[in-house]
């Protein structure tokens, strides 16, 4: 769960997978490091690996949209048009976070946390 929320390496959780940790640096939103410098994990496991994150992105986007609906329509009591505008606005504003969160969830489906990963990598390396 830690690596999903922070964007850190899913195996060792020691460093960010992304070149820029700020998801709102839009020119670098998809730029990832090639490997983890601590455990050696290759982030792009195969070509087009993160295309699967699009399916996760759909679910995460729906969760954000439902949250915007509940807050806007049910709690605040706005009209349906205002609620629709708030849902669209929420999805636009949180798009970089949704993209990164989806990639983090996707890679964590395939790579499990290993607290000894750094030690194993150092042993293999040298």
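The set of residues from the stretch 75-87 being in contact with a helix residue (DSSP H, G or I) (Cβ under 9 Å, 6 or more places away or on another chain), part of a helix (DSSP H, G or I) and exposed (fewer than 15 other Cβ atoms within 10 Å of the Cβ) comprises 76, 80, 82, 85. Determine, yes or no, whether residue 94 is under 24 Å from residue 1 (Cβ atoms), within 12 Å of the chain's Cα centre (by Cα) and modelled with pLDDT of 90 or more. Spelling it out, residue 94 is indeed under 24 Å from residue 1 (Cβ atoms), within 12 Å of the chain's Cα centre (by Cα) and modelled with pLDDT of 90 or more. Within the stretch 22-32, the set of residues being surrounded by 14 or more Cβ atoms within 10 Å (Cβ to Cβ) and assigned to a loop (DSSP other than H, G, I, E, B) comprises 23, 29. Within the set 71, 45, the sole residue that is more than 17 Å from residue 100 (Cβ to Cβ) and in a loop (DSSP other than H, G, I, E, B) turns out to be 45.
The values are calculated or read from the model by the stated rules, or taken from the named source; none is laboratory data. What you see is a predicted model; the values in this text were computed from it and never measured. Virtual Cβ from ideal backbone geometry, glycine too; neighbours counted across all protein chains shown.
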